[in-house]
1. Let me spell it out: the conditions are (1) crowded, with 23+ Cβ neighbours inside 10 Å; (2) in contact with a Lys or Arg (Cβ under 8 Å, 6 or more places away or on another chain); (3) β-branched (Val, Ile, Thr), and residue 41 meets all of them except one. Which number is the exception?
2. Can you name the residue in segment 77-87 that is under 14 Å from residue 122 (Cα atoms) and modelled with pLDDT of 95 or more and is also surrounded by the most Cβ atoms within 10 Å (Cβ to Cβ) among such residues?
3. Looking only at segment 116-128, which residues are open to solvent by less than 10 Å² (accessible area, probe 1.4 Å) and either of a type in the set (Lys, Arg) or under 13 Å from the mean Cα position of the chain (by Cα) (or both)?
4. Going residue by residue through segment 78-94, is there one that turns out to be touching an Asp or Glu at 6+ places or on another chain (Cβ under 7 Å) and in contact (Cβ under 8 Å) with a residue 40 or more places away in the chain?
5. What pairs come up if the first residue lies in segment 6-17 and is open to solvent by less than 20 Å² (accessible area, probe 1.4 Å), the second is polar (S, T, N, Q) and part of a strand (DSSP E or B), and their beta carbons are under 7 Å apart, counting only those six or more places apart or on different chains?
6. Name the pairs whose Cβ atoms lie under 8 Å apart, with the first residue in segment 132-159 and more than 23 Å from residue 93 (Cα to Cα) and open to solvent by 30 Å² or more (accessible area, probe 1.4 Å), the second among the charged types (D, E, K, R) and not in a loop (DSSP other than H, G, I, E, B), and 6 or more positions between them or separate chains?
7. So how many residues does segment 225-260 have that are over 20 Å from residue 194 (Cα atoms) and open to solvent by 40 Å² or more (accessible area, probe 1.4 Å)?
Amino acid sequence: MAGAWRYAYASVTGTSHAKNGSVCQDAGSCRVVEAAGGGSVLLAMASDGAGSARRSDEGAALAIELFFAEFGAACREHGIAAIDRGFVLTWLRKLRRRIAARAARAGIRSGEFACTALAAVVADERALFFQIGDGAIVISARRDLGDYRWVFWPQHGEFANTTNFVTQRHASRAVEVAVHEGPIDEIAIFTDGIERLVLDLGAKTAHSPFFRPLFRWLASTTPAAASAASPPIVQYLGSKPVCDRTDDDKTLILATRRPAAAAAHAAAHKSAAAL
């Protein structure tokens, strides 16, 4: 039995950016909207601005803003059935036009606003995900209590620290879209700043022991009443153990509708099985 969505998220400046006074180029947010015909839909998105692009933080912010405006309106007016690959590509075209307009006003190239996009639209019995760039989306379906799997593997380029961005030529070809039928009870979205902490890059799997205690904590909290960055996630992402392993900006979004008792049982069961 699923409960109300609980979610927490934050974007934190990496230590390398903090040292040189750079702004955080990541952005992310999460919220729940009421769907046409009843029920609720979780919307979540993270975006990582390219480190080499001067105004990529603005690009990431624009991507987040347009995602919630377009996908939120579609869910409220038509429900999740209205959202498919075509809708995603229309959103991407609108975003690129918005970025191009801002770039033209500033007299610079659109590439200076380069950013990734990782998003989830999760209804009661159906979900749609899309991604362009690195980072990943990790989910746990209702039948997979305590187990986690990625939706898309991070899009890494041929060379180190290269990936795809919404501003690149033929960006629509790089967009991956997936539809999941059936209830999903837990989801995490994160940018590449913490990939090595939460993914086993050799085995190409999600590191479930990372997620279980975080979701157990989240399941015990009060459902969010408004969208705001979570101080515990800010503290965690800025902690020494995390910063010792990554100096990049980092975003983490967590959402669960699994009851606290179920989350605790899953964590205990998996811990016992590992002994």
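The values are calculated or read from the model by the stated rules, or taken from the named source; none is laboratory data. Predicted model, so just to flag it, every value in this text is computed and none were measured. Heads up, the Cβs are rebuilt from the backbone with ideal geometry, glycines too, and the neighbour counts pull from every protein chain shown. To get the accessible areas, we keep the full protein, side chains included, count just its heavy atoms, and leave off ligands, DNA and RNA. Shrake-Rupley method; radii C 1.70, N 1.55, O 1.52, S 1.80 Å.
1. (2)
2. It comes out as 83.
3. Passing the criteria: 116, 117, 118, 119, 120, 121, 122, 128.
4. no
5. 9/29
6. Qualifying pairs under 8 Å: 142/185; 147/270.
7. Counting residues in segment 225-260 that are over 20 Å from residue 194 (Cα atoms) and open to solvent by 40 Å² or more (accessible area, probe 1.4 Å) gives 6.
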